[in-house]
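Okay, structure first, notes after.
The values are calculated or read from the model by the stated rules, or taken from the named source; none is laboratory data. It should be emphasised that the depicted structure is a prediction, and the values quoted were computed from it without experimental measurement. All Cβ positions, glycine included, derive from the backbone under ideal geometry; neighbour counts span all protein chains shown. Accessible surface is based on the protein model in full, side chains and every heavy atom, while ligands, DNA and RNA are left aside. Shrake-Rupley method; radii C 1.70, N 1.55, O 1.52, S 1.80 Å.
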Amino acid sequence: MSETSLPFNEKYSPSNAKVSSGEKRKKEWEESLKNPQEYWSEKAKAIDWFKPPSKVLDDSNPPFYKWFPDGELNISYNALDRHVKSNRKNKLAYIWEGEMGEVKTYTYYQLYREVNGLAKALKDFGVKKGDRVAVFLPVIPELPITLLATARIGGVHAVVFSGFSAEALADRVNDCGAKILVTADGSFRRGKPVSIKDNADRGLPNMPNIEKVIVVKRTGQAVQMKEGRDVWYHDALASAGANAYVEPESLKSTDPLFILYTSGTTGKPKGVQHGTGGYLVWAYWTLKWAFNPTDEDIFWCVADIGWITGHTYNVYAPLSMGITAFLFEGTPDYPAQDRWWDIIERHGITILYGTPTAVRMFMKFGEQWVLKHDLSTLRILGTVGEPINPEAWKWYYRVVGKGKLAIIDTWWQTETGGFMISPASGIELTPLKPGSATFPLPSINADIYDEKGQPVQAGTKGVLVIKSPWPGMLQTLWKDSDRFKQTYFGRWPGIYYSGDYSVRDPDGYFWLLGRADEVLKVAGHRIGTVELESALVAHPAVSEAAVMGKEDAVKGEVPVAFVTLRSGFTPSDELRAELIKHIRTTIGPIATPDAIVMVNKLPKTRSGKIMRRLLKAVLVGAPLGDTSTLEDEGSIEDIKATYNDLRKQLTK
Ligand code: PRX
């Protein structure tokens, strides 16, 4: 998105919301930064502590900040026990709908019982405090149950998105050294069972640490169960006993809760590590500020729990608040293009937290699919994961929200733990602008810097930075504190570098403009171009690869790969198909390139550096500009011709 085309002057005040100037929001934000100790010691009271913290922040060793350092708590106690002891015991914690339309519900009490059962089983399998439990599950209730059971006994969960390949799974499992893997026989996709256990089985010979594999029966398809290693989830629960109870471990606020791998600018995924106390306080308050859910709400966050959005807003935030969350296993356009709207109508969803890619897809399907349904239960809308273009925002506002509902555009990252920049309907809603995430939440000291680290003027694009710590921030990268320091605090000491471009308008609203680094956002999924390049050059046919993002009307961005081949290989459709298959099996289907362009030479400077700027110009059909530093000026014209031929062929 270009900053020059943004509608800085368009303001919307949804008719069912109380919109005002923002004085209250601003005051609370200022208060939080002026006196963080007082502010957060008050906010921390929303959580049940086994030992309340006497100190808010230990900042003696930046950037390794310790939130509530002497506090002790357990996150599963906060998500379950405290509600079970209250009048929320029989309230629904989850309503789950599977791909095939089946519905399952869990009250807080039922969830508590199953979590205790699994916690006992995990303990019996030898999981102790600090041990890692890897999770490779689709969105089924057993996924949050596994997270809560792990957290209850002080384990550290590492969820791997169930669409990842066997190789990607093994890399992550080995990096975190998990000894237990929880997976499922399969999942349903577009009405058909797809295997997950088979994928895990392909990776398991390369995961020497895994001692036990717990398998949830979801589809009932045939699977191999390795004697002594593999055990059915329902058998493990049965052995634990129907009335199992496991005392929740009293954990330090700074004990790690989970590791979640995400892409960065090198080939190796980063194991983002979140702690317990700061993360929970942040999860709780960010949900409260942004959406302000109540006991009457049914909150549907559409994200897969394999990503951070699902961790924070399908598990820890809604459960710690004691509200009802809705989970959906499946595809948004199966069995028909109104699946979401049908779900909202049937379940009476009140909060829909969706994504720009989904909105753009529904726009393409046409508004008649939305209008077929009574969506009057909805009271607020949300979006996350990538910049929402103003047209998509307006469609969402008009067609889904009927001009009545606020759109809460939340900017944040795996690393930030929870929302960072977002309208704050739970404090005070200010007028919305289509495509702006509006203002930083309390404690978020956001600014926009130029290349030299100087704050930019309103209207000038720069990189978004955060200038002081906040409770939900990552603790470190798993076993790689140097990379943590270098990646996030290396550019300007003490300043968190987000990797995103942003601009502030003259009213102070923040607009997020996409990544400033070698990371793509493909349908909201975060994919490193270097990861794709490494996967491509690992194929025997490929000599060199350069991957970049190309704008896409629905997915926001898609990867396009330019490759040169090793001698003995010639470009062909078969080889192209094989390389695509190779990416799907080494990373996963989400990383599938939109096109693989086989060229004789990549454009390089005389010193051998690939001129990515020129490849980008080819992709967008822009003038090439100065090519005088090119080692071989003819190469780029060849590339342009090859790319344009391929495009024609692909769009035929
Ligand atoms: O580029 C930003 C984009 O998603 C990145 C973070 O990706 P991930 O760690 O996978 O977490 C996604 C869910 C929080 C950011 O660096 N992003 C996320 N939300 C927005 C966004 N870009 C613009 N607007 C948003 N609301």
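At a glance:
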{"quantity": "Accessible surface, region 269-416, averaged per residue in Å² (probe 1.4 Å)", "calculated": "25 Å²"}
{"quantity": "Probe 1.4 Å, protein heavy atoms only - accessible area per residue of region 153-253 in square angstrom", "calculated": "42 Å²"}
{"quantity": "Computed P(r) (all Cα pairs; region 1-48; 5 Å bins; percent)", "calculated": "4, 14, 12, 14, 13, 16, 13, 8, 3, 0"}
{"quantity": "Members of 550/581; 288/433; 179/288; 123/479; 123/226 lying beyond 26 Å, as alpha-carbon distances in this model show", "calculated": "179/288"}
{"quantity": "Fraction of accessible area attributable to carbon and sulfur, the chain (%, probe 1.4 Å)", "calculated": "49 percent"}
{"quantity": "Ordering of 534-545, 154-165 by packing [mean C-beta count within 10 Å, highest first]", "calculated": "154-165, 534-545"}
{"quantity": "Cut-off 19 Å (backbone N to label point 7 Å along Cα→Cβ of residue 243), residues of region 102-133", "calculated": "109-121"}
{"quantity": "Residue-count net charge about residue 104 - beta-carbon cut-off 11 Å; Lys, Arg +1, Asp, Glu -1", "calculated": "-4"}
{"quantity": "Positive minus negative residues near residue 200 (Lys, Arg vs Asp, Glu; Cβ under 15 Å)", "calculated": "+1"}
{"quantity": "Where Rh is the Kirkwood radius over Cα pairs, Rg/Rh for region 542-652", "calculated": "0.95"}
{"quantity": "Region 291-377, relative contact order [Cα under 8 Å, separation at least 6], %", "calculated": "33 percent"}
{"quantity": "Viscosity 0.890 mPa s, temperature 25 °C, Stokes-Einstein D of the chain from Kirkwood C-alpha radius, µm²/s", "calculated": "96 µm²/s"}
{"quantity": "Per-pair calculated FRET efficiency, R0 = 35 Å: residue 21 and residue 627 via Cβ, rounded to 0.05", "calculated": "0.10"}
{"quantity": "Diffusion coefficient, µm² s⁻¹, Stokes-Einstein with Kirkwood Rh over alpha-carbon pairs of region 443-486 at 10 °C and 1.306 mPa s", "calculated": "129 µm²/s"}
{"quantity": "Over region 484-554: Rg over Rh, Cα atoms, Kirkwood Rh", "calculated": "1.09"}
{"quantity": "Compactness of region 191-244 - radius of gyration and Dmax, Cα, Å", "calculated": "12.7, 37"}
{"quantity": "Set 128/268; 55/128; 521/601; 24/404 screened for pairs whose C-alpha atoms are more than 25 Å apart", "calculated": "128/268; 55/128; 521/601"}
{"quantity": "Qualifying GluC sites (Glu not before Pro) for region 1-70 [loop in DSSP, other Cβ within 10 Å: at most 16]", "calculated": "10"}
{"quantity": "Spin-label model distance (nm) - residue 566 vs residue 479, 7 Å beyond Cα toward Cβ", "calculated": "3.0 nm"}
{"quantity": "Shape call, region 68-110: gyration tensor on alpha carbons, a/c limit 1.5", "calculated": "oblate"}
{"quantity": "Rounded D (µm²/s) - region 140-254, Kirkwood Rh over Cα pairs, Stokes-Einstein at 37 °C, 0.692 mPa s", "calculated": "217 µm²/s"}
{"quantity": "Computed P(r) (all Cα pairs; region 377-536; 10 Å bins; percent)", "calculated": "10, 36, 36, 15, 3"}
{"quantity": "Per-pair calculated FRET efficiency, R0 = 51 Å: residue 124 and residue 454 via Cβ, rounded to 0.05", "calculated": "0.30"}
{"quantity": "DSSP-defined beta bridges in the chain - what % are antiparallel, rounded to 5", "calculated": "60 percent"}
{"quantity": "Rg to Rh, two decimals, where region 234-390 supplies the alpha carbon set and Rh follows Kirkwood", "calculated": "1.02"}
{"quantity": "Charge sum, other residues only, whose C-beta stays under 12 Å from residue 305's C-beta, Lys/Arg counted +1 and Asp/Glu -1", "calculated": "-3"}
{"quantity": "Region 125-207 shape via C-alpha gyration tensor axes, a/c threshold 1.5", "calculated": "oblate"}
{"quantity": "At R0 = 35 Å, FRET efficiency that the Cβ-Cβ distance of residue 467 and residue 9 yields, to 0.05", "calculated": "0.80"}
{"quantity": "Probe 1.4 Å, accessible area per residue of region 554-652, Å²", "calculated": "53 Å²"}
{"quantity": "Percentage relative contact order, the chain, counting C-alpha pairs under 8 Å, at least six apart", "calculated": "14 percent"}
{"quantity": "Along each principal axis, Cα extent of region 263-312, largest first, Å", "calculated": "45, 25, 15"}
{"quantity": "Descending semi-axes in Å of region 4-121, equivalent ellipsoid built from Cα gyration tensor", "calculated": "34, 29, 15"}
{"quantity": "Lys/Arg +1, Asp/Glu -1 at C-beta; the chain dipole; positive extreme among 64, 514, 110", "calculated": "110"}
{"quantity": "Percent RCO, i.e. relative contact order, over region 220-301, from Cα pairs under 8 Å lying at least 6 residues apart", "calculated": "19 percent"}
